[in-house]
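**Student:** Okay, here's the structure, questions in a sec.
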Amino acid sequence: MTSPVYDVVIIGGGIVGAACAAECASEGLRVAIVEAKMIGGGATAAGMGHLTVMDDSEAQFALTRYSQLLWEGLRHELPREVEYDACGTIWVAADDDEMREVERKQRFYSERGVAVEVLDAQSLKEAEPNLRDGLVGGLRVAGDSVIYPPCAAQFLVDRARARGAQVFVGQPVREIAADGVRLRDGSFISAGLIVNAAGSWSPELTAGIDVKKRKGHLVITDRYPQFLRHQLVELGYLKSAHTLTAESVAFNIQPRQTGQLLIGSSRQFEVDDATVDVSIVHRMLSRAMEFLPGLGKLSSLRAWTGFRAATPDKLPLIGPDVEHHRLYLATGHEGLGITTSLGTAKLLVDQIMDRKPAIPAAPYLPARVTRDLAHV
Ligand SMILES: Cc1cc2nc3c(=O)[nH]c(=O)nc-3n(C[C@H](O)[C@H](O)[C@H](O)COP(=O)(O)OP(=O)(O)OC[C@H]3O[C@@H](n4cnc5c(N)ncnc54)[C@H](O)[C@@H]3O)c2cc1C
């Protein structure tokens, strides 16, 4: 019997695979990362790059908060092209119901040590003068930030490579075997452990895992550097982001360091076609203009789509596969994979090294969801 060439082979060079590769390599493991196309070119290139703490569940909060602090710790090492911007988020309340949600969120975050500030109508207007009149208030989360995800993925892969990882780009994995991965060109990479970090493609390699594509659209404008200061998200976003079946659109906008404005976003289930749907873009922009009427005077440059990898309980799958004893999953990050990539990598490596993680790993273990063999 020959010994494996690598300790770990990671499938997928998106932000999650890249973070896992960097973390494994930091532990002194012999790492290979295999990417079918280009580093950071999947959902990572399509995403907004909002690093945000979220409170949909305790487990979601724990992973987003842990990851956000890891990003904060890394910020001074990030190269300029990663465009780390500590702009903060304002959750915008359009009516009294949404203001009650502001108060609930304020309590939730404050009790868990996250600095937040409730804004009334006037302080909201002072914080973001281009918002329309008549909004009720908002919640500022100063610790949220923004990055440019494809460059962040490249930075993490470079870091892994500097620590000895081998990077195979343009090499699709055809199948996961007992002791490594078979590439489409027939060659074999032998490894002690395999990590499936192929995002929304992960079920093609690990049949039966309940990860489904959720399509999203984004639009980017020309440069308007003074227009916006914070990432703005409507509180109605929560209603749409949590609908598992419907097609939904909600106001979400981000100032980029280039001066551009990135406008989101939509969610569609069971749509495989990556084509930009003009009617969805129209709905998204109309919704955004309801909050920022001045947007109507600005020029947009480009619209695109991407696929989030969604699980039924909206938490990622991080940990050992239930059937293949040398396979780990790091997938299913839906709309939070840029944020949670660093926490995912830490949780994964702690499990590989058999160490106690900084946050409980149980909520994200693949074993929590029954394998749907109907997919196979
Ligand atoms: C519109 C939109 C907005 C978003 N906004 C945010 C946001 O603001 N904040 C946030 O935190 N998250 C956001 N997300 C989510 C985030 O983009 C994803 O969760 C994250 O990029 C997932 O990273 P990943 O590495 O798992 O997947 P991907 O980036 O998709 O990477 C998977 C990689 O695997 C490769 N691959 C696939 N099959 C194979 C194979 N057989 N062999 C080898 N390689 C393979 C692919 O080529 C790809 O590069 C957004 C997503 C979308 C779509």
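The values are calculated or read from the model by the stated rules, or taken from the named source; none is laboratory data. Please read all numbers here as calculations on a predicted model, not as lab measurements. Note: ideal-geometry Cβ built from the backbone for every residue, glycine included; neighbour counts use all protein chains shown.
**Student:** Out of the range 256-268, which residues are part of a strand (DSSP E or B) and within 13 Å of the ligand (Cβ to nearest atom)?
**Tutor:** Pass one, the range 256-268, residues part of a strand (DSSP E or B): 260-268.
If the condition is that a residue be part of a strand (DSSP E or B) and within 13 Å of the ligand (Cβ to nearest atom), then Leu262, Ile263, Gly264, Ser265, Ser266, Arg267, Gln268 are the ones that fit.
**Student:** Exactly one condition in (1) among the polar types (S, T, N, Q); (2) farther than 17 Å from Gly13 by Cβ; (3) in contact (Cβ under 8 Å) with a residue 60 or more places away in the chain is not met by Gln166; state its number.
**Tutor:** So the condition that Gln166 fails would be (2).
**Student:** Quick one: which of Asp158, Asp144, Asp185 is within 13 Å of the ligand (Cβ to nearest atom), surrounded by fewer than 20 Cβ atoms within 10 Å (Cβ to Cβ) and acidic (Asp, Glu)? Before the answer, list the steps.
**Tutor:** Working: Asp158 fails: within 13 Å of the ligand (Cβ to nearest atom); Asp144 fails: surrounded by fewer than 20 Cβ atoms within 10 Å (Cβ to Cβ).
Sole residue among the options that is within 13 Å of the ligand (Cβ to nearest atom), surrounded by fewer than 20 Cβ atoms within 10 Å (Cβ to Cβ) and acidic (Asp, Glu): Asp185.
**Student:** Let me ask another. From the residues in the range 39-60 that are over 13 Å from the mean Cα position of the chain (by Cα) and within 11 Å of the ligand (Cβ to nearest atom), which one is farthest from Gly170 (Cα to Cα)? I'd like the intermediate steps shown before the answer.
**Tutor:** Going residue by residue through the range 39-60, those that are over 13 Å from the mean Cα position of the chain (by Cα) are 39, 41, 55-59.
Now narrow it down to the ones that are within 11 Å of the ligand (Cβ to nearest atom): 39, 41.
On the way: Ile39: 9, Gly41: 11 Å.
Filtering the range 39-60 for residues that are over 13 Å from the mean Cα position of the chain (by Cα) and within 11 Å of the ligand (Cβ to nearest atom), the one farthest from Gly170 (Cα to Cα) comes out as Gly41.
**Student:** Does Val322 satisfy the criteria of being among the aliphatic types (A, V, I, L, M) and over 25 Å from Lys346 (Cβ atoms)?
**Tutor:** Values: among the aliphatic types (A, V, I, L, M): yes; over 25 Å from Lys346 (Cβ atoms): no.
No, not satisfied.
**Student:** Please determine, by comparing only the residues of the range 325-340 that are in a loop (DSSP other than H, G, I, E, B) and modelled with pLDDT of 95 or more, which one is farthest from the ligand (Cβ to nearest atom). Steps first, answer last, please.
**Tutor:** Going residue by residue through the range 325-340, those that are in a loop (DSSP other than H, G, I, E, B) are 325-326, 332-333.
Subset that is modelled with pLDDT of 95 or more: 326, 332-333.
On the way: Arg326: 17, Gly332: 8, His333: 4 Å.
Result: Arg326.
**Student:** Inspect the range 278-296 for any residue being within 11 Å of the ligand (Cβ to nearest atom) and assigned to a strand (DSSP E or B) and give the result as yes or no.
**Tutor:** No, every residue in the range 278-296 fails to be within 11 Å of the ligand (Cβ to nearest atom) and assigned to a strand (DSSP E or B).
**Student:** For Ala36, indicate whether it is away from the ligand (no atom under 11 Å from the Cβ) and small (Gly, Ala, Ser). Please lay out each step first, then the result.
**Tutor:** Values: away from the ligand (no atom under 11 Å from the Cβ): no; small (Gly, Ala, Ser): yes.
Here the answer is no, as Ala36 does not meet what is asked.
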